[in-house]
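What follows is one structure encoded as structure tokens, with my remarks underneath.
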Amino acid sequence: MPGMIPLIGEKFPRLEVSTTHGMKVLPDDYQGKWFVLFSHPADFTPVCTTEFYAFASRYEDFKKLNTELIGLSIDSVYAHIKWTEWIKEKLGKEIPFPIIADPVGNIANKLGLIHAASATSTVRAVFIVDPQGIIRAILYYPAELGRNIDEILRMIKAFQVSSKYKVAMPANWPNNELIGERVIIPPASTVKDAEERLKQYTCYDWWFCHKEIPKEEAEEARAFLERAAKKR
Ligand code: BEZ
């Protein structure tokens with residue numbers, strides 16, 4: 001039976017998990033750091049192997065964003081160990097992050113990772129959780145489509161800038177088609193607010209205002225994301 005799905009903006013549920021790096025308590029053990037928990041359908045499957053290779057290739061980039069990675073599937077810790085050994089031996093890539101073993105699906109059920117398309121394996125889900133343990137984003141991908149790791153890095157980078165300046169980030173930030181590297185002022189909630197915005201910011205209309213933040217933020221984000229993408 002699927003459990004309640006945690007939602008964006010909620011505290012990540014407290015879970016004691018068994019991993020390839022020993023027991024961990026989520027989100028408590030990651031307090032003060034961002035973490036990305038990602039589930040995959042099964043060990044020893046090709047798309048999942050490409051994803052693990054890609055996540056491991058960007059591990060240092062995630063660390064630069066004060067972010068830890070945690071994998072999860074409905075497999076035993078032994079299967080995770082054998083599979084990661086295989087990845088190291090055959091593909092030359094060490095998997096440096098823990099993988100949660102969830103052989104009977106208890107954790108998967110609590111996180112809403114079992115979907116109708118396959119009642120016996122986890123979907124490709126991604127939870128992005130901030131240093132206070134709050135879920136900032138949840139992504140779901142189907143079994144037949146591997147994730148874009150560059151986009152997950154971009155999301156964390158954009159979240160960090162968004163939180164720092166209390167602004168919203170446009171599509172494809174820092175390279176938006178309309179406003180470039182500028183950022184969006186959150187919606188006005190009063191008539192006075194709406195009038196103020198028109199005086200204070202550059203606006204297409206009272207509900208669509210944007211502003212510049214220090215140039216270094218976008219330059220640094222662009223350089224960081226381009227460097228990470230080159231590791232493909
Ligand atoms: C894969 O990772 O290759 C995969 C897993 C489950 C279903 C289809 C593909």
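The values are calculated or read from the model by the stated rules, or taken from the named source; none is laboratory data. As the structure is a computational prediction, the values presented were derived from the model and not from experiment. All Cβ positions, even for glycine, are placed from backbone atoms using ideal geometry, and neighbour counts span all protein chains on display.
Of all residues in the stretch 172-200, those satisfying the criterion of being farther than 19 Å from ILE156 by Cα, out of contact with any helix residue (DSSP H, G or I) (no Cβ under 9 Å at 6 or more places or on another chain) and buried (at least 16 other Cβ atoms within 10 Å of the Cβ) are ILE179, ALA194, ARG197. LEU91 falls short on exactly one of the conditions (1) under 30 Å from ALA158 (Cα atoms); (2) touching a Phe, Trp or Tyr at 6+ places or on another chain (Cβ under 8 Å); (3) modelled with pLDDT of 95 or more; (4) within 16 Å of the ligand (Cβ to nearest atom), and that condition is (1).
Taking the stretch 48-60 as the range and being in a helix (DSSP H, G or I) and either away from the ligand (no atom under 14 Å from the Cβ) or under 21 Å from LEU15 (Cβ atoms) (or both) as the test, the residues that pass are PHE55, ALA56, SER57, TYR59, GLU60. Is there any pair with a first residue in the stretch 45-64 that is within 25 Å of LYS33 (Cα to Cα) and a second that is away from the ligand (no atom under 16 Å from the Cβ) and in a helix (DSSP H, G or I) whose Cβ atoms are under 6 Å apart and which are 6 or more apart or on different chains, and what are they? Qualifying pairs under 6 Å: ARG58/ALA228; ASP61/LEU153; ASP61/ALA228. Restricting to the stretch 96-111, name every residue that is within 28 Å of SER57 (Cβ to Cβ) and either touching a Gly at 6+ places or on another chain (Cβ under 8 Å) or not in a loop (DSSP other than H, G, I, E, B) (or both). Residues satisfying the conditions are PHE97, PRO98, ILE99, ILE100, ALA101, ILE107, ALA108, LEU111.
Taking first residues from the stretch 184-208 that are under 16 Å from ALA168 (Cα atoms) and partners that are surrounded by fewer than 11 Cβ atoms within 10 Å (Cβ to Cβ) and modelled with pLDDT of 95 or more, the Cβ contacts under 8 Å between residues at least 6 apart in sequence or on separate chains come to PRO186/LYS166. Cβ-Cβ contacts under 9 Å between residues 6 or more apart (or on different chains), taken from a first residue in the stretch 136-163 that is closer than 16 Å to ALA221 by Cβ and at pLDDT 95 or above to a second residue that is of a type in the set (Phe, Trp, Tyr) and in a strand (DSSP E or B), are listed as ILE152/PHE38; ILE156/TRP34; PHE159/TRP34; GLN160/TRP34. Mind checking which residues of the stretch 149-204 are on the phi > 0 side of the Ramachandran plot and polar (S, T, N, Q)? Selection gives ASN172 alone. Just name the residue that is nearest to PHE55 (Cα to Cα) out of those in the stretch 103-129 that are within 16 Å of the ligand (Cβ to nearest atom) and not hydrophobic (A, V, I, L, M, F, W, C). Taking the candidates together, the pick is ARG124.
Got at least one residue in the stretch 61-80 being farther than 16 Å from THR19 by Cβ, among the polar types (S, T, N, Q) and either in contact with a helix residue (DSSP H, G or I) (Cβ under 8 Å, 6 or more places away or on another chain) or assigned to a helix (DSSP H, G or I) (or both)? Yes. Residues that are surrounded by 13 or more Cβ atoms within 10 Å (Cβ to Cβ) and within 16 Å of the ligand (Cβ to nearest atom) occur in the stretch 18-39; there is at least one.
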